[in-house]
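Report on the structure given below.
What follows draws every value from the coordinates through simple rules; no lab data is involved. This structure is a prediction, so every number in the text was calculated from the model and none was measured. Please note: Cβ atoms are built from the backbone with ideal geometry, for glycine as well, and neighbour counts cover all protein chains shown.
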Amino acid sequence: MKKNWSRQAQAMLFKAVLLVCLLVCLAASQDLSFRYNGFRSANLSVDGIAEITSSGLLRLTNDTKQEKGHAFFPNPITFKNTNGSVFTFSTTFVFAIVPEIASISGHGIAFVIAPTKGLPGSLPSQYLGLFNKTNNGNDTNHVFAVELDTIYSSEFDDINDNHVGIDINGLTSEESAPAGYHTNSSGRLANLTLASSQPMQIWVEYDGTQKQLNITLAAINMGKPSIPLLSVALDLSPYLLDTMYVGFSSSTGSVLTSHYVLGWSYNMNGQAQALDLAQLPKLPRIGPKERSKFLTIGVPTISVSVVFIVISGLVYFIRRKRKFAEVLEDWERDYGPHRFKYKDLYIATKGFRDKELLGSGGFGRVYRGVLPSSKIEIAVKKVSHETRQGMKVFVAEIVSIGRLRHRNLVTLLGYCRRKGELLLVYDYMLNGSLDKYLDVKASNVLLDGELNGRLGDFGLARLYDHGTDPQTTHVVGTLGYLAPEHTRTGKATTKTDVYAFGTFLLEVACGRRPIERTEQAEDAILLDWVFSFWVKGEIIEARDQNLGPDYIPEEVELVLKLGLLCSHSVPEVRPSMRQVLHFLDRDIPLPELSSLGLSASGLTFAHPEETTTRSRRGWPVIGHLHLLAGSQPPHIILGNLADQMGPIFTIKLGVHRALVVNSWELARDCLTTNDKAFANRPKALAMEILGYNYYLFGTSPYGEYWRQICKIVTLEIVVGKRFVECNKGDEGRDSDDDWRSALRDFFKLMGKFVVSDAFPFLRWLDFGGDEKEMKKTAKELDNIIGGWLHEHKQKRASGVVYKGGGEDFMDVLLSILQDAKELSNRDVDTINKSTCLAIILAASDTTSVTLTWTLSFLLNNRRVLKKAQQELDTLVGIERQVKESDMKDLVYLQAIIKESFRLYPAAPLSVPHESIEDCSVGGYHIPAGTRLIVNVSKIHRDSRVWLNPSEFIPERFLTTHKDVDVKGQNFELLPFGSGRRMCPGVSFALQVLNLPLATLLHSFEIETPSGQPVDMSESAGMTNLRANPVDVLLTPRLPPPLYAATN
């Protein structure tokens, strides 16, 4: 009996202990609280592609497409009390959505309360790993979720592609709001971008007593806002089971996005503990590391500069060794007394310093010096002489001249000879030249200490022999003294000496220089100025006014008239020097100038063509690259340089020389007269890799291939209006995302500075990984376009017949290239893909850029917007949509587009050209291989052509510039270029631009959300993109049935 009682007591005790344990566990689950400041030691249940990284991040998705990831607290949690009501609970977590491509996001993330941990049967992509097509919306799911969605899904009635939603048993949200937070000060909603790659914090709080759900969102480190983003009266009791699991779910589609949870805090029946934000793990860097300009430009520049400095140092050392080297041949030893040592001359002139420079001219530079041994003052003239031909005779002539002694000649003391250079040593004339100018002119008349005149450079004309072949001589002299035939033929004669002497007479008598800048252009040339007085019969008035009354009028008039006679443009009319002496001595009378046919057309002054353009001094090795490294777009930088240097100048881009033109006249010269010379395109890494090794006809070299493709494009696109069509198959939006992403990368890389473009010998280093990135993008584009080509080939092989000429451009190319003998040596598939890519590039980016700028202008100019809509209402009405046939009548709309082209051309700098032969632009010699950059933006804002050039005034194209179009014939407006390399699809582009803009303005009222003006800042790149996106509100302005008809 006692034994039985003992067993019963033990059984009862065991049941009591078990009951107490269950009660304790139940109480623990009801008051559950946990906090993870990072998940390195967290015990979570993860599945799918979810993982906990080594740094403690909970990463729900990775770089795998079409997958899902879950992470749940491992133990079930009791959510209901004995009455069946859901307890109060609170949670907060920090998350980050990091897309692989900054502007294109994948799908979102959700906090979820579910009956199971794994959510079996759920799908990725738009289903967020929560549901599938079958169970979405079923009441038996018993799932509650807060979604942070970054994709707009019309099938789930999403409000936008950046929202927070409350989901119960399905993905159609019960309540949702755009992502953001209410400010504590004003309560105004401030927007947040969920897929910004930046951490954000969210609070989800449920009051089981009040049946109230509050959701609050904020940027990290700003604290919890006092006003929740969503506040909903909601009883969760019907939807949740007694015990549930809490955690997170996310998924990927075709656009790769990483979803992270950095920290998580949860509490049942109370407020969740605050997270220690300082202890949260850091997000990893996504994508390639941002490369600083120091690494992409600075490092290679420094490397090249170091090499340059080392080489320069070595060269300097060698030159230092040879500093005092001379050329001394055996036959010169007989001229010992007349031969000076270079070292003595170098020391005498203090190293030929500029401080000792007395003057310079056509024959060389003259320096003052004091011989170190004798302390005699000398003048040393450095004369360039590159040829050895006749050197022995010339030196002998110098020695002979040195033996001459005459009171009117500057004594030539001797010479020194180095490679390519002669140094002539003279007596130093204390009082300098007659008027400080050079050659056979006033400056060659030197004054000694007693102001006696002496002639310098006597006999040196033999350095450039009279009467020799002009192709083997140099034109030496100073402008104003060179006879017209001398600059034209390069041949110096006795008659050219007489011309120079005539200028000398005028210079002395008038006290003016041969060329002198004055306010009046006709006064700039002394010869023309004196001639104008002779025409008026007042030649004596051209005298030097410093003479005062102390002069003999007859003598002054004689000198002036003799100066005109000696400067006659016809050499045969000029007198000989013997005759000049007789005229000056009045032995014979001076002939009447009118009897010699002296007229305005006879006295012309020839300006020799300049051989080099202006060029701002660049840095060693890199040239002018540093000027383009600023924050301003290149076309603005080059335009500012044009204001300083004029409309034409050259710059050095590494090893390449580039000609920059900034006026419409020079652009016309380049693209008409020199159109063929500049028909080539320069080579660049992006054009090679992204342009199918220069198959892309817009970047291909000038030649037969380019001509054939250009002809095909013109006939089939511009005339035939055939376009490239493709079937995206079952991929839908994901395929579009891949295509847009690849195109965006293409334009980014095409407009990017690449070190090896400026320094081709550094390509093997691939600074910044640009070549690797280009190859990746090129492969992505080729895969997509190659897929289209494969589809078209399959259709042709299966015998598909197009009705009504339904072939697109790719079909036509397949037919043409099959029989094109001119292109038989090239890969036809590559031609097809590259040409179709070129068409798509022109239609996508350029068109969208122009439409965006035009829309921005209209938002900032409401008067123009209203006037355009009035034109549409008058000519089209409001009972139908705009048609293409209406475009010809919408003249104001066309003026708006022209004005937008003018102010913000899609390509503010022309696609670079390259000269294939020497040519002349604006009087400057341009060697072959020079790159041409036409600053279209600067031309479009030329104040000489456009009144108020920076203002948006479409009316100018209806009045003062009504005959100006954009088709390459008016060089004041060149948005599509001109010449043989201009865009062949101008007409097509205008059609593409006109109709969409007309439809938008006709169908909707447009305005900005804030009512503020649109920022018109530009960004640098291949095309003229806006620096910031523009937000627009559209309000229908036509009857509703018209919108239904367009769906």
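Could you go through the range 187-192 in sequence order and give the Karplus-derived ³J(HN,Hα) for each residue, using 6.51 cos²θ - 1.76 cosθ + 1.60 with θ = phi - 60°, rounded to whole Hz, and x for Gly and Pro?
x, 5, 7, 9, 6, 10
Among His142, His925, rank each residue by its count of other Cβ atoms within 10 Å, from fewest to most, as a rough exposure measure.
His925, His142
State whether the range 962-1047 is rounded, prolate or oblate according to the following rule on the C-alpha gyration tensor (a ≥ b ≥ c being the square roots of its eigenvalues): a/c under 1.5 gives rounded; otherwise a/b larger than b/c gives prolate, and the remaining case gives oblate.
It comes out oblate by the Cα gyration axes.
Taking θ = phi - 60°, what integer Hz values does the Karplus form 6.51 cos²θ - 1.76 cosθ + 1.60 yield along the range 690-703, in sequence order, with x for Gly and Pro?
Taking θ as phi minus 60°, the curve returns 7, x, 6, 6, 6, 6, 4, 5, x, 10, 6, x, 5, x Hz for the range 690-703.
Sort Ile227, Ile318 so that the residue with the fewest other Cβ atoms within 10 Å of its own Cβ comes first and the one with the most comes last.
Ile318, Ile227
Would you mind checking Lys355/Lys652; Lys748/Lys898; Lys341/Lys419; Lys866/Lys888 for any pair whose Cα atoms are more than 23 angstrom apart?
Checking Cα-Cα distances, Lys355/Lys652; Lys748/Lys898 exceed 23 Å.
How charged is the neighbourhood of Ser249? Take every other residue with its Cβ under 15 Å from the Cβ of Ser249, and add Lys/Arg as +1 and Asp/Glu as -1.
-3
Counting Lys and Arg as +1 and Asp and Glu as -1, what is the net charge of the other residues whose Cβ lies under 11 Å from the Cβ of Phe976?
+1
For a test of the definition: using alpha carbon positions, the gyration tensor, and the 1.5 limit on a/c, classify the range 87-246 as rounded, prolate or oblate.
Since a/c reaches 1.5 but b/c is at least a/b, the shape of the range 87-246 is classed as oblate.
Rounded to whole Hz and in sequence order, give me ³J(HN,Hα) for the range 234-251 from the Karplus expression 6.51 cos²θ - 1.76 cosθ + 1.60, θ = phi - 60°, writing x for Gly and Pro.
Along the range 234-251, the couplings run 8, 9, 7, 4, x, 9, 9, 7, 4, 10, 9, 10, 10, x, 9, 9, 7, 7 Hz.
What is the sum of charges, Lys and Arg at +1 and Asp and Glu at -1, for the other residues whose Cβ falls under 11 Å from the Cβ of Gly69?
Summing Lys and Arg as +1 and Asp and Glu as -1 gives -1.
List the pairs from Lys68/Lys752; Lys381/Lys491; Lys883/Lys967 whose alpha-carbon separation is above 28 Å, in the order I gave them.
Pairs exceeding 28 Å: Lys68/Lys752.
Listing Trp619, Trp764 from the residue with the fewest other Cβ atoms within 10 Å to the one with the most, what is the order?
Taking fewest neighbouring Cβ atoms as first place, the list is Trp764, Trp619.
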